[in-house]
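To keep things clear, I will list the structure first and then write my remarks on it.
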């Protein structure tokens, strides 16, 4: 009987030791980024990226110059999902294209003081909307109904195109340089220099969702309750209402910017336009 008791004790001790060791060897579950690919440095002054689920391609807005110059040098490039440049000069004749959004077969792009509507099938500008008083239109997000929201960085306004009609939809003295936009569950999230705000679409109720983020250029949801933000300088963070921010990437010291990002949840792929570095880099978001 004592031998059986001893055997059981040895087995229990072994299991305890093994489990303790396994727990100690668990991988670090802190979110991180792992680079997948990068393009050649041909995407001059690339500011924004936009993924088309219909065509499985990536559109890149390239300023090719100064962000406020009406020089006609700006263009849109088309990439494959693996980072190959399909068409470098897919659409040309723009000035300083920045934020983009897709609804149906239309690609909407901000261009200093106008929003251009591009027919994706023909790669032609089919319509433009002029915004009086604007000189730095920036990001775009689109609701499931096709309402296009546009951030006006220099005037702290949010414009909207609804059923083909352009209007100034919202403005607030609380906003400091509103830039990144993201539509989520009938709310509009706005990234500013003083954090992320949320505007309820129904009644325009405003509240300060996440504070002290630093400047925000790109703003995307990760699909798990957190948001991915970029600050243009080169820093990318994962932020949450209830958690401390997680630094995912910082290439500022290398002179590599992180402008208006795009996240593809089903691929866990983060796309980062590097602005003056003239490339787009793709990363897998690991948890």
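The values are calculated or read from the model by the stated rules, or taken from the named source; none is laboratory data. Owing to the predicted nature of the structure, the values given are computational and were not obtained by experimental measurement. All Cβ positions, even for glycine, are placed from backbone atoms using ideal geometry, and neighbour counts span all protein chains on display.
Of note:
- Residue among 211, 235 that alone is touching a strand residue (DSSP E or B) at 6+ places or on another chain (Cβ under 9 Å), in contact (Cβ under 8 Å) with a residue 12 or more places away in the chain and within 23 Å of residue 172 (Cα to Cα): 211
- Residue identified as out of contact with any strand residue (DSSP E or B) (no Cβ under 8 Å at 6 or more places or on another chain), under 25 Å from residue 57 (Cα atoms) and either surrounded by fewer than 20 Cβ atoms within 10 Å (Cβ to Cβ) or at pLDDT 95 or above (or both) among 266, 184: 266
- Hey, residue 216 more than 22 Å from residue 239 (Cα to Cα) and surrounded by 14 or more Cβ atoms within 10 Å (Cβ to Cβ) or not: no
- Subset of the stretch 190-240 [outside any strand (DSSP E or B) and over 18 Å from the mean Cα position of the chain (by Cα)]: 201, 202, 203, 204, 205, 211, 212
- Selection within the stretch 64-82 - in a loop (DSSP other than H, G, I, E, B) and within 20 Å of the chain's Cα centre (by Cα): 67, 81, 82
- Flag for residue 283 being part of a strand (DSSP E or B), touching a residue at least 40 places away in the same chain (Cβ under 8 Å) and over 26 Å from residue 211 (Cβ atoms): yes
- Where residue 54 falls short, out of the listed (1) at pLDDT 95 or above; (2) part of a loop (DSSP other than H, G, I, E, B); (3) over 20 Å from residue 264 (Cα atoms): (3)
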